[in-house]
1. Can you name every residue in the stretch 1-12 that is under 20 Å from Ile137 (Cβ atoms) and surrounded by fewer than 22 Cβ atoms within 10 Å (Cβ to Cβ)?
2. Could you grab me the full set of residues in the stretch 157-203 that are among the acidic types (Asp, Glu) and assigned to a helix (DSSP H, G or I)?
3. Given the conditions (1) over 27 Å from Arg198 (Cα atoms); (2) under 15 Å from the mean Cα position of the chain (by Cα), and given that Ala20 satisfies all but one, which numbered condition is not satisfied?
4. Say whether the condition of being among the hydroxyl-bearing types (Ser, Thr, Tyr) and either under 27 Å from Phe156 (Cβ atoms) or surrounded by fewer than 15 Cβ atoms within 10 Å (Cβ to Cβ) (or both) is met by at least one residue in the stretch 100-113.
5. Considering Ala118, Ala169, Ala196, which residue is surrounded by 20 or more Cβ atoms within 10 Å (Cβ to Cβ) and modelled with pLDDT of 90 or more?
6. So which residues in the stretch 29-78 are of a type in the set (Ser, Thr, Tyr) and within 19 Å of Asp90 (Cβ to Cβ), if there are any at all?
7. List, please: which pairs have Cβ atoms under 7 Å, are six or more places apart or on different chains, and start with a residue in the stretch 44-72 that is aliphatic (A, V, I, L, M) and end with one that is at pLDDT below 95 and not in a loop (DSSP other than H, G, I, E, B)?
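The values are calculated or read from the model by the stated rules, or taken from the named source; none is laboratory data. Being a predicted model, the structure only gives us computed values, none of them experimental. Cβ placement follows ideal geometry from the backbone for every residue including glycine, while neighbour counts extend to all protein chains displayed.
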Amino acid sequence: MSASYIAFEGPEGSGKSTQAARLADALSAILTRETGGTAIGARLREILHDTTVHDMSPRAEALIAAADRAQHLDEIVRPALAAGRTVVSDRSIYSTLAYQGFGRELDVDELRTINAWATGGTWPDLVVLIDPPDDVIAQRMSERELDRFEAAGAAFHDRVIAGFRTMAAGDPDRWIVVEGLGSIDEVGDDIAARLAQRGVRIEGGRR
């Protein structure tokens, strides 16, 4: 099979980072993330997540995320795919649509256009949305130190979660939705089973 670009999405505290790393290891894939998957991106991520930044324009926030994404696709994702390697990314273009579009209430279609240009038209082939119940997320977030996005408030995060669910429902051929409850292994096995239905097989750590 040809290489695939698989993105993990979800609200804060969903466990997507853990599951992205687990899948990348099982597939012997390239593991990366947005924001911060490159050296340039890491510097941009510091600005985006800095809790001392209080007056950033939502449009500036969206453009910084798009700049990170442009570098990420040019430096990591497209070269890996061209070399025949599957890429597993912790977040993708859909996070901007959820966070800056639905969350910050910017125009989602405008963000799609900006980010389609930033990525050169490269979108994930598959998106795994980990979507635990709201009370589970609230409990997990109460137990961790919050960054700038995590501390944005309940109404913001409600819009973000609604955005992810709306996008998943509108594009079922691309999105896989798992509840994300149970042990790490149980959630990972659920994801693997759902991916197998889409032609992504995990056999001896290879796709």
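1. Result: Glu12, single match.
2. Listed by number, the residues that qualify are Asp158, Asp185, Glu186, Asp189, Asp190.
3. (1)
4. Within the stretch 100-113 (the criterion being among the hydroxyl-bearing types (Ser, Thr, Tyr) and either under 27 Å from Phe156 (Cβ atoms) or surrounded by fewer than 15 Cβ atoms within 10 Å (Cβ to Cβ) (or both)), the answer is yes, since at least one residue qualifies.
5. Ala118
6. Thr32, Thr35, Thr38
7. Listed pairs, sorted by first residue: Val53/Ile47; Ile64/Ile47; Ile64/Leu48; Ala65/Leu48.
So that you can scan it fast, the table gives a plain yes or no per residue for (1) of a type in the set (Gly, Ala, Ser); (2) closer than 29 Å to Ala169 by Cβ:
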position	(1), (2)
Ser14	yes, yes
Thr38	no, no
Leu63	no, yes
Gln100	no, yes
Arg112	no, yes
Gly120	yes, yes
Val128	no, yes
